[in-house]
Amino acid sequence: MLFRTTCLCGKVSIELHGEPSARANCHCSSCRDFYGVPLFSATAWQADNVRIDSGATRSFKHPEKDMTKTFCENCGEVVFGTNRLGMRVVPNAMVARATDGSIQEHWAPTMHLFYRQRLTDIQDNLPKYLEGWDGPLL
């Protein structure tokens, strides 16, 4: 499958090929600090499955961690991050824009990661991993 989506101003377009490798809400302090959010809801893709189709971007590497975020030069929206595993992490706001503005079920988060580090309790039926997805559950 091929999906296209754009940043808020529409100047940067990215292509998403295939299916994401993971769909999660991440509560780790690294994501919270780096992306400036209380939890980071995103899909993780193999790097070559996410391509910038058009537009000018810039990237910023975390000063201490193996994380990078790539954002639109015009509006500043993060179009994807790159995590320590080299995967492209696309914010769900971008993913929702690829369809009708909402997260479709096949792209919706399937888990919470690093729930031990959460800022607020989340009431849903998704598994809540205290650390990564191979660790213990709440």
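Is at least one residue of the range 14-30 hydrophobic (A, V, I, L, M, F, W, C), out of contact with any helix residue (DSSP H, G or I) (no Cβ under 9 Å at 6 or more places or on another chain), farther than 18 Å from P109 by Cβ and surrounded by 18 or more Cβ atoms within 10 Å (Cβ to Cβ)?
no
Conditions first: (1) at pLDDT 95 or above; (2) within 13 Å of V95 (Cα to Cα); (3) in a loop (DSSP other than H, G, I, E, B). P20 passes all but one, so which condition is the exception?
(1)
Among the candidates G86, G81, single out the residue that is on the phi > 0 side of the Ramachandran plot and under 14 Å from the mean Cα position of the chain (by Cα).
G86
Taking the residues in the range 56-92 that are in a loop (DSSP other than H, G, I, E, B) and polar (S, T, N, Q) as candidates, determine which candidate is surrounded by the most Cβ atoms within 10 Å (Cβ to Cβ). Even if it seems obvious, please write down each step before you answer.
Our first condition is that a residue be in a loop (DSSP other than H, G, I, E, B); within the range 56-92, this holds for 56, 62-67, 73-77, 83-87.
Keeping just the survivors that are polar (S, T, N, Q) gives 74, 83.
Working: N74: 15, N83: 19.
It comes out as N83.
Answer yes or no as to whether F114 is hydrophobic (A, V, I, L, M, F, W, C), touching a residue at least 12 places away in the same chain (Cβ under 8 Å) and on the phi > 0 side of the Ramachandran plot. Spell out how you get there, then give the answer.
Values: hydrophobic (A, V, I, L, M, F, W, C): yes; touching a residue at least 12 places away in the same chain (Cβ under 8 Å): yes; on the phi > 0 side of the Ramachandran plot: yes.
Yes; evaluated as a whole, the condition is true for this residue.
I need a count of the residues in the range 93-124 that are at pLDDT below 95, assigned to a helix (DSSP H, G or I) and not hydrophobic (A, V, I, L, M, F, W, C).
3
Report whether or not T43 is polar (S, T, N, Q), surrounded by 18 or more Cβ atoms within 10 Å (Cβ to Cβ) and either in contact with a Ser or Thr (Cβ under 6 Å, 6 or more places away or on another chain) or touching a residue at least 24 places away in the same chain (Cβ under 8 Å) (or both). Can you show your working first?
Working: polar (S, T, N, Q): yes; surrounded by 18 or more Cβ atoms within 10 Å (Cβ to Cβ): yes; either in contact with a Ser or Thr (Cβ under 6 Å, 6 or more places away or on another chain) or touching a residue at least 24 places away in the same chain (Cβ under 8 Å) (or both): yes.
Yes: the conditions hold for T43.
Within the range 118-131, work out how many residues are without any contact (Cβ under 8 Å) to a residue 60 or more places away in the chain and either on the phi > 0 side of the Ramachandran plot or surrounded by fewer than 11 Cβ atoms within 10 Å (Cβ to Cβ) (or both).
If we filter the range 118-131 for residues that are without any contact (Cβ under 8 Å) to a residue 60 or more places away in the chain, which is where we start, we get 121, 123-125, 127-131.
Narrowing further to those that are either on the phi > 0 side of the Ramachandran plot or surrounded by fewer than 11 Cβ atoms within 10 Å (Cβ to Cβ) (or both): 121, 123-125.
Count: 4.
Have a look at G86, G132 and point out the one that is touching a helix residue (DSSP H, G or I) at 6+ places or on another chain (Cβ under 8 Å) and either under 17 Å from S30 (Cα atoms) or among the charged types (D, E, K, R) (or both).
Details: G132 fails: touching a helix residue (DSSP H, G or I) at 6+ places or on another chain (Cβ under 8 Å).
Answer to the check: G86.
The values are calculated or read from the model by the stated rules, or taken from the named source; none is laboratory data. Quantities reported herein were computed from a predicted structural model and do not represent experimental measurements. Counting neighbours? That spans all protein chains shown, and the Cβs are built from the backbone with ideal geometry, glycine included.
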